[in-house]
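Novice: Mind having a look at this structure? Questions to follow.
The values are calculated or read from the model by the stated rules, or taken from the named source; none is laboratory data. It should be emphasised that the depicted structure is a prediction, and the values quoted were computed from it without experimental measurement. Neighbour counts are summed over all protein chains in view; Cβ atoms, including those assigned to glycine, are modelled from backbone coordinates with ideal geometry. Remember, those area values only see protein heavy atoms, side chains included, never the ligands or the DNA or RNA. Shrake-Rupley method; radii C 1.70, N 1.55, O 1.52, S 1.80 Å.
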Amino acid sequence: MRKLLILALVGLAAQLIDGSLGMAYGLTSSTLLLVAGVAPAAASASVHLAEIGTTLAAGVAHWRFGNVDWRVVTRIALPGAIGAFAGATLLSSISTESAAPWMAGILLTLGAYLLVRFARPLRTDRVGGRLRGRFLGPLGLVAGFVDATGGGGWGPVATPALLVSGRMEPRKVIGSVDTAEFVVAGAASVGFLIGLGTEGFLLPTVAALLVGGLIAAPLAAWLVRIVPAQLLGAAVGGVIVLTNARTLIRSAELGGPARPAVYALLAAGWLAALVLAVRALRRTRRARAGAGNTSAPASLAVPADVTVASASAFDDAVPAELAGTGTPNPR
């Protein structure tokens, strides 16, 4: 009972992070399950099965609020499903000893990616136009494959790529990626079912993750008003890097003074990323406050429905309307 409660808290924490950043549910859940001793394939299979429920709820909510671009969903979901099925089949065929460092390496890389992405200042340029299928198809294929083999990665791969293009509103990027993930999670679950059988799914774990995620879904909207997503992204990235570095160090049988030196180096990098994230956040707030005190052109006006979560997630190509607000942003 205690273990199920802990797993429910894992699902709750993962959904809070995902709801605030538009990504990292699978990364967080898989990382914590690996730390708890769950086999890599079983961890990824259980997380994806739970995601069928959480992504369905998220997709319906995004659809009701008008956050879904169905053209993008249809062009990214099918390739994503193919990549996820292939990734699940591959991971199912690898032994636990071989899969653990592979999965930890993918998660560590994605965690480092989060650190770098959320430590950088926001930009205010935007490009017009529509996203082409020849871009969306390969993106979905790669994101789906990484997601299944790493236990997470659909959001961290697909969301930033679409945001950087600057051709979609941030809220529609997050809503479309979350909606398409329902198909990706289903395809990955089928792949794990074929490769592992029903015993590959830890149903109590799935239920606990699902319950925690469903409880956290409405709380995420409250959390994003309290914690800046840029700081949350840097913090989560550091946790993912350190926890998966532990698995890689153990697999490499690194001992002696080298092990604490590696941990110290990673911790220093995490601290540096947090400092940079704080500085970037302050610069962004000062710029927005300054723009609010001047006569900004109409193209820089912020729509009322643009959320803090969307603005914070859009690091490389935040649309111009996020550069200023009608009133100064309180610090």
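Novice: Amide H neighbours of D69 under 5 Å, at least 5 residues apart or on other chains, H built in the peptide plane: list them.
Specialist: S176
Novice: Still on this model: Go through segment 233-248 residue by residue and turn each phi into a ³J(HN,Hα) via Karplus (6.51, -1.76, 1.60, θ = phi - 60°); whole Hz please, and just put x for glycine and proline.
Specialist: In residue order, the calculated couplings are x, 5, 5, 5, x, x, 4, 5, 5, 5, 5, 7, 5, 4, 5, 5 Hz.
Novice: Ordered by residue, what ³J(HN,Hα) values in Hz, to whole numbers, does segment 154-160 give under the Karplus form 6.51 cos²θ - 1.76 cosθ + 1.60, where θ = phi - 60° and Gly and Pro are x?
Specialist: Calculated HN-Hα couplings, in order: 4, x, x, 8, 6, 4, x Hz.
Novice: Turning to a different aspect of this structure: Please identify the chymotrypsin sites (Phe, Trp or Tyr not before Pro) of segment 1-98 that satisfy two criteria: DSSP loop assignment and at most 16 other Cβ atoms within 10 Å. Which are they?
Specialist: On the way: sites: Y25, W63, F65, W70, F85; in loops: F65.
Filter output for segment 1-98: F65.
Novice: Could you tell me the accessible area of V211 in Å² (1.4 Å probe, neighbours in place), rounded to the nearest ten?
Specialist: The accessible area of V211 comes to roughly 80 Å².
Novice: Here is a further query. Relative contact order for segment 1-57: what percent, with Cα pairs under 8 Å and sequence separation of 6 or more? Walk me through the intermediate numbers first.
Specialist: Numbers: 23 pairs, mean separation 12.8, N = 57.
Reported as a whole number, the value is 23 percent.
Novice: Oh, and also: Per-residue HN-Hα couplings for segment 274-282, Karplus 6.51 cos²θ - 1.76 cosθ + 1.60 at θ = phi - 60°, whole Hz, x for Gly and Pro?
Specialist: With the stated coefficients, segment 274-282 comes to 5, 4, 5, 5, 4, 5, 4, 5, 5 Hz.
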